[in-house]
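Structure first, then comments.
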Amino acid sequence: MKTYKIATIPGDGIGKEVVPAGRIVMEAVASSQGDLRFEFENFDWGGDYYRQHGVMMPEDGLDALRGKDAILFGSAGDANIPDHITLWGLRLKICQGLDQYANVRPTRILPGIDGPLKRCAPEDLDWVIVRENSEGEYSGVGGRVHQGHPIEAATDVSIMTRVGVERILRFAFRLAQSRPRKQLTVITKSNAQRHAMVMWDEVAAQVAREFPDVAWDKELVDAATARMVNRPRTLDTIVATNLHADILSDLAAALAGSLGIAPTGNIDPERRYPSMFEPIHGSAFDIMGKGWANPVGTFWSVVMLLEHLGEAAAARRVMAAIEAVTADPALHTRDLGGQAGTDDVTRAVCAHLARHDAARAA
Ligand code: NAD
Ligand code: K
Ligand code: MN
């Protein structure tokens, strides 16, 4: 019997709806498997915590997370607190504090889901976007002078270190190498951003020599958006900076059908610290509290969490349950044009896992 310590951090908005659903699915896969157990600890950090304590999470919060095997996260973002406070006070604090420097975002069109692209078969869109997750445009360095005056000036300094760029590119090449097509596209804006992005291109060429079996190319980020729409099949693994990949992956999620489906892992590849898994979407103020949130992005994040723990069989079973459920239009949530609620989808995924269990026992 393997026991894993899991931290759950629902955070704000629909995070409070999809993370409990994710936990139910984790319990279902564990109980149907027999040799797997999770010990959950829930952390009520986020907007409500901020209203009580003046911070999004306690000072020693990272210590509480360090002893866990993995973290399941919801969303940081509250309608009544400025976004930069919630983001920096919780999600970025954890990602940067636990040096989860590789943000991995798989995208493909699941069975039964109709993406907005015409002439794009599911096999034409099967990508993994790797986002640099520790520095760059999200370094937090900058400031404002003469605030509110006509002469005000403000900066957000994008810091890219050779160590940081090299480690994310090496991670991306290795990931590309593990996929059938062994293909990587390195995305920059090295025509306009002529210092750090030129360093990216140089480091990419240098790291590429370690991976002679990976076919790689370069693309500017603006051209990359058009390529994603017009020639999706020409892409496989993609690596980009913190900001560029943030934007590209929302586009990718929309092209695959909905923001509500897309998962991500904030990974510490060296495994010094627990990695954190979450849907890529945010708090979704427009639908929170209604029970309409699509939990599939969280369930797919659970699949990534299980893969990261080395529980490949459990991961495959949850993915199969997700795909069986998306294949049925009666189980589509409103973002997919259906009427199903979060609970309906959760119950259906659990029922599928239980059916597998019954088949195994028979
Ligand atoms: P959002 O992802 O919350 O919502 C964008 C749109 O997508 C909304 O119309 C929403 O209803 C829809 N949507 C998102 N997830 C869905 C789901 N699971 N099911 C159905 N529909 C879904 O993005 P936003 O509106 O830009 O941000 C809202 C708040 O969330 C902000 O405070 C923002 O800072 C925060 N945010 C946090 C994270 C994070 O914690 N990782 C990520 C993105 C946004
Ligand atoms: K999220
Ligand atoms: Mn984003």
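So, of the residues in segment 54-94 that are within 19 Å of VAL18 (Cβ to Cβ), touching a residue at least 60 places away in the same chain (Cβ under 8 Å) and hydrophobic (A, V, I, L, M, F, W, C), which turns out to be surrounded by the fewest Cβ atoms within 10 Å (Cβ to Cβ)? So the residue we want is ALA79.
Checked across segment 313-326, the condition of being part of a loop (DSSP other than H, G, I, E, B) and modelled with pLDDT of 95 or more holds for no residue. There is at least one residue in segment 137-154 that is of a type outside the set (A, V, I, L, M, F, W, C), in the same structural domain as SER190 (by the TED database), closer than 27 Å to LEU235 by Cα and within 16 Å of ligand 1 (Cβ to nearest atom).
Would you pick out the residues in segment 235-269 that are closer than 20 Å to GLY67 by Cβ and touching a helix residue (DSSP H, G or I) at 6+ places or on another chain (Cβ under 9 Å)?
Initially, segment 235-269 is screened for residues closer than 20 Å to GLY67 by Cβ, giving 265-269.
If the condition is that a residue be closer than 20 Å to GLY67 by Cβ and touching a helix residue (DSSP H, G or I) at 6+ places or on another chain (Cβ under 9 Å), then GLY265, ASN266, ILE267, PRO269 are the ones that fit.
Restricting attention to segment 1-47 and to residues that are within 12 Å of ligand 1 (Cβ to nearest atom) and in a loop (DSSP other than H, G, I, E, B), the residue that is surrounded by the most Cβ atoms within 10 Å (Cβ to Cβ) turns out to be ILE14.
Tell me which residues, restricted to segment 270-285, are within 11 Å of ligand 3 (Cβ to nearest atom) and in contact with a helix residue (DSSP H, G or I) (Cβ under 7 Å, 6 or more places away or on another chain).
Start the filter on segment 270-285 by keeping residues that are within 11 Å of ligand 3 (Cβ to nearest atom), which leaves 278-282.
Matches in segment 270-285: GLU278, PRO279, ILE280, HIS281.
PRO10: outside the structural domain of ALA240 (by the TED database), more than 30 Å from ALA313 (Cβ to Cβ) and modelled with pLDDT of 95 or more, yes or no? Break it down stepwise before answering.
Details: outside the structural domain of ALA240 (by the TED database): yes; more than 30 Å from ALA313 (Cβ to Cβ): no; modelled with pLDDT of 95 or more: yes.
No.
Taken together, the residues in segment 265-300 that are in contact with a Gly (Cβ under 7 Å, 6 or more places away or on another chain) and either among the β-branched types (Val, Ile, Thr) or farther than 17 Å from ARG347 by Cβ (or both) amount to 14.
Only residues that are farther than 11 Å from ILE9 by Cβ and assigned to a helix (DSSP H, G or I) were counted in segment 48-92, giving 16.
Is it true that some residue in segment 67-84 is within 11 Å of ligand 1 (Cβ to nearest atom), aromatic (Phe, Trp, Tyr) and within 21 Å of the chain's Cα centre (by Cα)?
To start, the set of residues in segment 67-84 that are within 11 Å of ligand 1 (Cβ to nearest atom) comprises 73-84.
With aromatic (Phe, Trp, Tyr) added as a condition, the list becomes 73.
Narrowing further to those that are within 21 Å of the chain's Cα centre (by Cα): 73.
Scanning segment 67-84, I find at least one residue that is within 11 Å of ligand 1 (Cβ to nearest atom), aromatic (Phe, Trp, Tyr) and within 21 Å of the chain's Cα centre (by Cα), so the answer is yes.
Name the residues in segment 229-247 that are more than 16 Å from ligand 2 (Cβ to nearest atom), assigned to a helix (DSSP H, G or I) and touching a residue at least 40 places away in the same chain (Cβ under 8 Å), would you? Before you say what the answer is, go through the steps one by one.
So in segment 229-247, the residues more than 16 Å from ligand 2 (Cβ to nearest atom) come out as 229-241, 243-244.
Checking the rest, the ones that are also assigned to a helix (DSSP H, G or I) come to 229-230, 232-234, 243-244.
Those that are more than 16 Å from ligand 2 (Cβ to nearest atom), assigned to a helix (DSSP H, G or I) and touching a residue at least 40 places away in the same chain (Cβ under 8 Å): VAL229, PRO232, ARG233, LEU243, HIS244.
Condition check: farther than 26 Å from PRO180 by Cβ and either free of Cβ contacts under 8 Å to residues at least 24 places away in the same chain or outside any helix (DSSP H, G or I) (or both). Does MET288 satisfy that?
yes
Set side by side, the residues ALA224, ALA256, ALA205 differ, and just one is without any contact (Cβ under 8 Å) to a residue 60 or more places away in the chain, more than 16 Å from ligand 2 (Cβ to nearest atom), within 28 Å of CYS120 (Cβ to Cβ) and of a type in the set (Gly, Ala, Ser), which is ALA224. Among residues that are farther than 17 Å from LEU125 by Cβ, buried (at least 24 other Cβ atoms within 10 Å of the Cβ) and assigned by the TED database to the domain that holds VAL345, LEU309 is not included.
The values are calculated or read from the model by the stated rules, or taken from the named source; none is laboratory data. Please read these numbers as outputs of a predicted model, since none were measured by experiment. FYI the Cβ positions are ideal-geometry reconstructions off the backbone, even for glycines, and counts take in every protein chain you see.
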